[in-house]
1. Confirm whether GLU59 is modelled with pLDDT of 95 or more, in contact with a helix residue (DSSP H, G or I) (Cβ under 7 Å, 6 or more places away or on another chain) and surrounded by fewer than 22 Cβ atoms within 10 Å (Cβ to Cβ).
2. When you go through LEU245, LEU192 one by one, which is the residue that is touching a strand residue (DSSP E or B) at 6+ places or on another chain (Cβ under 7 Å), buried (at least 20 other Cβ atoms within 10 Å of the Cβ) and more than 25 Å from GLN280 (Cβ to Cβ)?
3. Quick one: LEU203 ticks every box in (1) in contact with a strand residue (DSSP E or B) (Cβ under 7 Å, 6 or more places away or on another chain); (2) in contact (Cβ under 8 Å) with a residue 60 or more places away in the chain bar one, so which box is it?
4. What's the number of the only condition in (1) of a type outside the set (A, V, I, L, M, F, W, C); (2) buried (at least 19 other Cβ atoms within 10 Å of the Cβ); (3) out of contact with any Phe, Trp or Tyr (no Cβ under 8 Å at 6 or more places or on another chain) that THR173 fails to meet?
5. Go through the residues of the range 86-97 one by one and say whether even a single one is within 15 Å of ASP256 (Cβ to Cβ), away from the ligand (no atom under 16 Å from the Cβ) and out of contact with any Pro (no Cβ under 6 Å at 6 or more places or on another chain).
6. Taking the range 118-163, which residues are among the polar types (S, T, N, Q) and part of a loop (DSSP other than H, G, I, E, B)?
7. I'd like to check something: does the range 99-109 contain any residue that is modelled with pLDDT of 95 or more, more than 30 Å from ASN273 (Cα to Cα) and surrounded by 14 or more Cβ atoms within 10 Å (Cβ to Cβ)?
8. Filter the range 63-81 down to the residues that are away from the ligand (no atom under 16 Å from the Cβ) and under 24 Å from the mean Cα position of the chain (by Cα) and list them by number.
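The values are calculated or read from the model by the stated rules, or taken from the named source; none is laboratory data. Source: prediction; values computed, not measured. All Cβ positions, glycine included, derive from the backbone under ideal geometry; neighbour counts span all protein chains shown.
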Amino acid sequence: MSDTVLLICGPFTPEERGRLEGAHAALHIGGPDEIAALPEAARATIRAVAYKGHHPFGETQLAALPALGIVANYGVGYDAIDVAAASARGVKVTNTPDVLNDDVADLAVGMMLAFSRRLEDGAVLVRSGDWAQRALPLNRKFSGGRVGIVGLGRIGREIADRLAAFKMEIHYTSRSRKDTPGWTWHADPVALAAEVDWLVIALVGGPETQNHVGAEALAALGSEGVVVNISRGTTVDEAALLEALEQGTIRGAALDVFLNEPDIDPRFRSLDNAVLQPHQGSGTVETRRAMLGLQLDNITAFLAGRALLTAVN
Ligand code: 8YV
């Protein structure tokens, strides 16, 4: 039997594992913390890691895999992986950009509509059998609002394009002004928040964007404003966000991402002004297949000595 070259690391589905195992001699573990416990002989032959999840993968894991050449991430965001440490060891990192843009943007708009039109409350009312006894309070109009996209990158752009079709006024922050006639660039999230009803965070994760949307931006957003986050829990000051939601100093939030997923702060659970989702932005059959396909193509290219498709470093 040939040496194991691929370490499948993380909560892959059986179908995903089957595709990876069908392509390369592989072994599977639940997460990066299990690498140290693998027998030395098994660790010595691993040349590629297929990574999925959000637990840190850094120097400890890299040092335990002496033959490693690539960490291929299942996801566009690779903030869990210490890219600097990988680069220092000559280890390549890849991610899965673009294939998930549509799904994440769709979910952002879906959560915004669910918030605006009280879709969760409406469903509860219908299912309860109480429809004849009580009416749903009137919703708030969605089309024609003012939205601020924090980070007009690939996903932010997809969200903005969708919201433009809802006749919304589009404002954004990004490192540079984009060639988007009629859309308004702002220098920072505080200036952006002051002009909009919806603040949609579409940043990359990692230390550079930690708490990028903070208490000052939430105050600028004000009591009519709603925070939408489909990026990472780290990009917003979560303590300040919880405080603003509990005190009603903002109107609400629609969140697919949190700190400490899935064991999120229990205070979120008692909020009646928030739509909460379990980090499912990319979670469709089609997109997850495409993500796995791109991850696998990067691994196969690396092992064959070919150019990587979506290298990060
Ligand atoms: C996750 C994501 O990768 O692509 C990203 O950055 O956050 C998601 O698609 C996915 O949930 C697997 O952990």
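1. The answer is yes for GLU59.
2. After ruling out the rest, the residue left standing is LEU192.
3. Looking at each condition in turn, LEU203 falls short on (2).
4. It is condition (3) that THR173 fails.
5. no
6. Listed by number, the residues that qualify are GLN133, ASN139, SER143.
7. yes
8. Selection gives ILE70 alone.
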